[in-house]
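K.L.:
The structure's right below; bear with me while I get my questions together.
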Ligand SMILES: Cc1cc2nc3c(=O)[nH]c(=O)nc-3n(C[C@H](O)[C@H](O)[C@H](O)COP(=O)(O)OP(=O)(O)OC[C@H]3O[C@@H](n4cnc5c(N)ncnc54)[C@H](O)[C@@H]3O)c2cc1C
């Protein structure tokens, strides 16, 4: 009997209800069947392909032991694999750029890891206003492709983030104040649904699914292509600022400048800044790291007014006329991959001078208590989300994230922690929550709390979909019922945020 007919014979089970999590056959057998059908597209433990894929995670705790890795090259391949896996209740996970830092969200033990890394096609369409991106494309590759036509796309701020996870979780880019979130700039998603159907969701066909995918993460299927708007490249200015925080007075001045940027500078839609405080207690390092982009070239001796307050403190060393792709490549230079334990935790406050100072004070006081944890590095990020970010999304049909633009600029606060030993994880996570609860209590008491939790920067205990608001959460659940009635992407794919 040909292997393909072995596979086909499993499809008789496709009407089986996915009522329980129990697999009908072991993962090893599922791998064998996939290998039989796709002999060049399955890798096993200890093979070079497997080892490479299974090391490409930003967080070392995401490196698990999948039984095998399947590499689809098209939506059709994904469809066949999904039909088979659902027919035998086979467990699986999906990985694209591997930048989620929650173990089990993009990898699996005892199951099939579906890696999109061979889905790299990038094609222009609609008179070069839309770039089709295969699900395995990384943002650095997308910027390089867009640059061929002197265009930019609304993508990630380090080059090796995958387009898939980023766009399905929202997508914060350097040019979001002008164009909105990455997901707001997707004009269509090609997606394989739980029953294996391949559909194209856009503003007119499968419009509910289209909207749900803009922030609904991996709940609806495996997306195989994202068609994104591309915009003329007007040049740019920016780079990376690294500035020592050598005294409390310097810290206070820096915090004032960050607050000023949120309240005033961020209203200039051409501006994008990631404002981070780094500490590395073992080395006694305290620094401000600013990743800056202004989407227009400017004379070297006259930086944009929107950034004047920040630059008055830090100076302009490291900044200059650069394309968006060049600035993103520079931002990635400091990012380590698969070498540490990492965890993110997110919150949001209305940006005022007081709220920015308070968050910093609470966070650093909490982590000062853990200064002896081996390898501890802390990063506190302030990310300005001015109203224009949100309005740009409305213009493109809206998303289900429920962001409130009525309160002026909010700051999304990301706590990013790295450390060495597994034994310290619970302490770190507790400190993150303690810090967040304390600054949110303060913000609530002062009328400055914002409920939103950004999915791409959240931890596994944060209820991101509830933070979208009850109507949006209801909408996401309703769409889930239509496109994944058997809850395949919950029962067979254990990882990811579930609606
Ligand atoms: C160093 C660093 C910098 C970052 N910078 C930014 C930034 O500038 N802006 C920002 O918004 N975020 C940023 N993030 C967060 C990042 O956007 C998220 O981690 C995002 O999910 C990564 O996408 P990925 O494809 O690389 O991740 P993966 O880990 O591969 O996937 C993330 C999730 O999406 C699911 N998924 C992946 N592919 C598919 C698919 N094709 N169909 C369905 N589900 C799929 C996975 O199963 C997983 O649950 C950063 C993260 C790190 C670690």
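The values are calculated or read from the model by the stated rules, or taken from the named source; none is laboratory data. Everything numeric here is computed off the predicted structure, so don't read it as measured data. Cβ atoms come from the backbone with ideal geometry, glycine included; neighbour counts cover every protein chain shown.
K.L.:
Which of the following residues is in contact with a helix residue (DSSP H, G or I) (Cβ under 6 Å, 6 or more places away or on another chain) and over 28 Å from residue 350 (Cα atoms): 298, 192, 187? Can you show your working first?
P.N.:
Numbers: 298 fails: in contact with a helix residue (DSSP H, G or I) (Cβ under 6 Å, 6 or more places away or on another chain); 187 fails: in contact with a helix residue (DSSP H, G or I) (Cβ under 6 Å, 6 or more places away or on another chain).
Going through 298, 192, 187 in turn, the sole match is 192.
K.L.:
For the structure I just gave you, tell me whether residue 132 is more than 19 Å from residue 25 (Cβ to Cβ) and more than 13 Å from the ligand (Cβ to nearest atom). Let's see the steps before the verdict.
P.N.:
Values: more than 19 Å from residue 25 (Cβ to Cβ): yes; more than 13 Å from the ligand (Cβ to nearest atom): yes.
Spelling it out, residue 132 is indeed more than 19 Å from residue 25 (Cβ to Cβ) and more than 13 Å from the ligand (Cβ to nearest atom).
K.L.:
Is it the case that residue 413 is in contact with a strand residue (DSSP E or B) (Cβ under 7 Å, 6 or more places away or on another chain) and farther than 20 Å from residue 183 by Cβ?
P.N.:
Values: in contact with a strand residue (DSSP E or B) (Cβ under 7 Å, 6 or more places away or on another chain): yes; farther than 20 Å from residue 183 by Cβ: yes.
Here the answer is yes, as residue 413 does meet what is asked.
K.L.:
Still on this structure: Read through the list (1) modelled with pLDDT of 95 or more; (2) in contact with a strand residue (DSSP E or B) (Cβ under 6 Å, 6 or more places away or on another chain), then give the number of the only condition that residue 267 fails.
P.N.:
(2)
K.L.:
A follow-up question, please. For residue 319, state whether it is surrounded by 20 or more Cβ atoms within 10 Å (Cβ to Cβ) and in contact with a helix residue (DSSP H, G or I) (Cβ under 6 Å, 6 or more places away or on another chain).
P.N.:
Against the criterion (surrounded by 20 or more Cβ atoms within 10 Å (Cβ to Cβ) and in contact with a helix residue (DSSP H, G or I) (Cβ under 6 Å, 6 or more places away or on another chain)), residue 319 does not qualify.
K.L.:
List the helices (runs of 4 or more DSSP H) that sit entirely inside the range 20-111 and contain at least 2 residues that are without any contact (Cβ under 8 Å) to a residue 24 or more places away in the chain, surrounded by fewer than 17 Cβ atoms within 10 Å (Cβ to Cβ) and within 11 Å of the ligand (Cβ to nearest atom). Give the steps one after another, and end with the answer.
P.N.:
Values: elements: 27-37, 48-53, 75-87.
The helices (runs of 4 or more DSSP H) meeting that bar number zero.
K.L.:
Moving to a separate point now. Would you say residue 243 is modelled with pLDDT under 95 and more than 20 Å from the chain's Cα centre (by Cα)?
P.N.:
yes
K.L.:
Please go through the range 138-155 and give me each residue that is over 13 Å from residue 99 (Cα atoms) and either modelled with pLDDT under 95 or not in a helix (DSSP H, G or I) (or both), ordered by number. So that I can check it myself, show each step before the final result.
P.N.:
Our first condition is that a residue be over 13 Å from residue 99 (Cα atoms); within the range 138-155, this holds for 140-155.
148, 149, 150, 151, 152, 153, 154, 155 - these are the residues of the range 138-155 that are over 13 Å from residue 99 (Cα atoms) and either modelled with pLDDT under 95 or not in a helix (DSSP H, G or I) (or both).
K.L.:
Going by what's in this entry, would residue 121 be described as out of contact with any helix residue (DSSP H, G or I) (no Cβ under 9 Å at 6 or more places or on another chain), touching a residue at least 12 places away in the same chain (Cβ under 8 Å) and within 14 Å of the ligand (Cβ to nearest atom)? Steps first, please.
P.N.:
Details: out of contact with any helix residue (DSSP H, G or I) (no Cβ under 9 Å at 6 or more places or on another chain): yes; touching a residue at least 12 places away in the same chain (Cβ under 8 Å): yes; within 14 Å of the ligand (Cβ to nearest atom): yes.
For residue 121, the condition - out of contact with any helix residue (DSSP H, G or I) (no Cβ under 9 Å at 6 or more places or on another chain), touching a residue at least 12 places away in the same chain (Cβ under 8 Å) and within 14 Å of the ligand (Cβ to nearest atom) - is met.
K.L.:
Output the residues belonging to the range 156-210 that are part of a helix (DSSP H, G or I), more than 13 Å from the ligand (Cβ to nearest atom), over 20 Å from residue 274 (Cα atoms) and within 19 Å of the chain's Cα centre (by Cα).
P.N.:
Taking the range 156-210 and keeping what is part of a helix (DSSP H, G or I), we get 163-168, 176-179, 182-185, 207-210.
Going one step further and asking which of them are more than 13 Å from the ligand (Cβ to nearest atom), we end up with 177-179, 207-208, 210.
Those left that are additionally over 20 Å from residue 274 (Cα atoms): 207-208, 210.
Hit for the range 156-210 is 210, nothing else.
K.L.:
Which condition number does residue 257 fail, the rest of (1) at pLDDT 95 or above; (2) surrounded by fewer than 22 Cβ atoms within 10 Å (Cβ to Cβ); (3) more than 14 Å from the ligand (Cβ to nearest atom) being met?
P.N.:
(2)
K.L.:
On to the next question. Mind checking which residues of the range 112-129 are surrounded by fewer than 19 Cβ atoms within 10 Å (Cβ to Cβ) and in a strand (DSSP E or B)? Steps first, answer last, please.
P.N.:
If we filter the range 112-129 for residues that are surrounded by fewer than 19 Cβ atoms within 10 Å (Cβ to Cβ), which is where we start, we get 118, 120-129.
The answer is 122, 123, 124, 125.
K.L.:
I would also like to ask the following. Given the conditions (1) crowded, with 17+ Cβ neighbours inside 10 Å; (2) touching a residue at least 60 places away in the same chain (Cβ under 8 Å), report the number of the one that residue 242 does not fulfil.
P.N.:
(1)
K.L.:
Closer than 28 Å to residue 175 by Cβ, modelled with pLDDT of 95 or more and within 16 Å of the ligand (Cβ to nearest atom), is that true of residue 220?
P.N.:
Values: closer than 28 Å to residue 175 by Cβ: yes; modelled with pLDDT of 95 or more: yes; within 16 Å of the ligand (Cβ to nearest atom): yes.
Taking the combined requirement at face value, the residue satisfies it.
K.L.:
May I pose another question? If you check 248, 264, which single one turns out to be without any contact (Cβ under 8 Å) to a residue 24 or more places away in the chain and surrounded by fewer than 17 Cβ atoms within 10 Å (Cβ to Cβ)? Write out each step before concluding.
P.N.:
Numbers: 264 fails: without any contact (Cβ under 8 Å) to a residue 24 or more places away in the chain.
Exactly one of 248, 264 is without any contact (Cβ under 8 Å) to a residue 24 or more places away in the chain and surrounded by fewer than 17 Cβ atoms within 10 Å (Cβ to Cβ), namely 248.
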